[in-house]
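The values are calculated or read from the model by the stated rules, or taken from the named source; none is laboratory data. Keep in mind that what you see is a predicted model, and the values were worked out from it rather than measured. Don't worry about glycine lacking a Cβ; one is built from the backbone with ideal geometry, like all the others, and counts go over all protein chains shown. Only protein heavy atoms, including side chains, enter the accessible area calculation; ligands, DNA and RNA are left aside. Shrake-Rupley method; radii C 1.70, N 1.55, O 1.52, S 1.80 Å.
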Amino acid sequence: MAERNQQLQATEQAQRTRSNQMTELVAEQTAELAASEERFRALFHNGMLPIIISRLEADLRPGPIIDANPAACQLLGYEAAELLSRSPLDLVAPDEVARFPMLISELLVTGKFECEMTHVTKAGQHLTTQMSMAQFVIHGEPVAMSVIQNLPSNRAAELAQGDIQRQARRLAEIRSGFLSGAGPQAGLARDAATGQPAGTTGEPMAPAQIAAFIAGHDLFNEVAPRDLAQLVAATGARRLQKGEILFEKGARPAGIFLVASGHILLAVSSPQGGKKVLGIFGGGQSIGEAEVVMDSPYPYFAESVDDSEVLEVGQGALLALLDKDKKFARRLMNCLGARQHDLVYSVESYTLRTGAERVIGYLLQHAKIQASGRLIVELPATKQLIASLLHITPETLSRIFRDLSEAGLIQARTRHIQIPDIDRLIAYEV
């Protein structure tokens with residue numbers, strides 16, 4: 001009996017020891033979990049990437065948002081309390097909603113997925129984003145964590161792969177071959193970044209906006225900060241209404257003009273009042289470099305096609321920079337060389353090419369690839385002005401557009417033109 005009691009006491013002692021060890025282990029794990037959760041919360045609220053956490057519903061749709069970090073609130077334009085009353089489906093474009101059952105199915109199978117998504121801000125702005133979603137459990141409840149990255153900042157990296165990049169290379173090859181050496185002008189690639197015509201309402205560009213625009217322009221984006229400050233100090237902004245003259249033929253230049261918004265045409269006129277358009281310049285492009293360097297009068301006049309805003313960078317500051325900055329000198333030479341190529345192509349076009357070939361060449365020059373992969377052209381001016389630029393009549397231009405539309409080579413709606421198949425377009429025979 002005594003021996004049995006000793007065994008029971010030993011067993012009881014061992015159980016107490018194991019219980020104490022288990023209590024200590026649970027306490028340690030609870031402390032580690034609390035510390036881990038605290039670290040997660042710190043990373044969640046202080047991180048730069050927008051993150052949204054939402055419940056997962058049984059019908060394969062994301063449920064209510066239960067948390068959103070400040071970066072997500074800033075990206076989408078909501079207060080945190082506003083997001084907590086919404087679902088992730090409320091934050092995407094309507095045509096994206098139908099994708100979610102398939103995406104959530106993938107999430108449940110693999111635990112995560114990534115895709116490109118169109119989010120909509122509180123102000124109604126559409127954002128092309130990269131959304132990464134992962135599944136985990138909070139307090140026994142399945143949730144989805146969505147990490148959202150705004151794609152415009154790294155669009156160049158995204159275009160390095162996939163169909164869009166292949167289409168961009170194809171467009172560059174076709175444009176180079178078809179146009180026989182016609183090159184883009186400085187700032188041309190910035191059309192999409194410089195925005196739509198600003199109009200003459202509202203305030204003109206503030207000094208900080210002028211400084212940012214000049215610093216990002218192709219001609220000046222490698223200029224030293226001190227020299228850049230001198231350029232900005234010598235720059236003034238001017239707003240123009242549709243049809244307003246920027247400068248007359250024979251006027252002497254006081255600087256080069258950078259088109260901040262809208263479009264400016266260069267043209268010459270006959271004594272009978274006829275107008276021959278030499279070029280139409282849009283956002284980010286520059287005007288008058290040769291006249292500033294040669295200090296010679298303009299051999300053409302400049303007129304605003306629509307409500308526009310231009311920046312005039314003073315001649316003295318430009319020439320001083322040209323004397324000391326070799327990189328700027330090379331960029332200016334590249335710009336002038338591109339203008340010469342454009343002139344050669346223009347002469348070749350109206351002397352050796354048919355009207356349809358000129359129109360197709362013009363569309364290729366102005367084509368841009370959207371994030372969706374569509375190839376589009378936004379006509380910068382009326383058909384009358386574009387016809388003058390291409391040395392054809394407005395009636396001929398309308399007929400060519402109609403023929404291309406009926407052949408399924410373009411889809412035209414006012415000034416918006418989409419090119420469904422670029423290879424078919426360049427193979428078109430009159």
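Net length available on complete extension from Cys115 to Ser296 is 59.6 nm, with 0.36 nm assigned per residue and the Cα-Cα distance removed. Stretching the chain fully between Ala93 and Arg374 yields a gain of 99.3 nm (0.36 nm per residue, less the alpha carbon separation). Enumerate by residue number the GluC sites (Glu not before Pro) in segment 93-153 meeting two conditions: DSSP loop (anything except H, G, I, E, B), and at most 14 other Cβ atoms within 10 Å of the site's Cβ. Those that pass, being in a loop and sparsely packed, number zero. A simple charge model with +1 on the Cβ of Lys and Arg, -1 on the Cβ of Asp and Glu and nothing else charged puts the dipole of segment 295-368 at about 540 debye relative to its Cα centre. Accessible area per residue for segment 349-402, computed on protein heavy atoms with a 1.4 Å probe, is 42 Å². For segment 309-430, what does the alpha-carbon gyration tensor say about shape, rounded, prolate or oblate, given a ≥ b ≥ c as the root eigenvalues, a/c under 1.5 as rounded, and a/b over b/c as prolate? Since a/c reaches 1.5 and a/b is larger than b/c, the shape of segment 309-430 is classed as prolate. For the pair segment 72-98 and segment 101-132, the centres of their Cα atoms are 11 angstrom apart. The spacing between segment 336-392 and segment 266-296, judged by their C-alpha centroids, is 17 Å. The residues of segment 61-156 expose on average 50 square angstrom of accessible surface per residue, using a 1.4 Å probe on protein heavy atoms.
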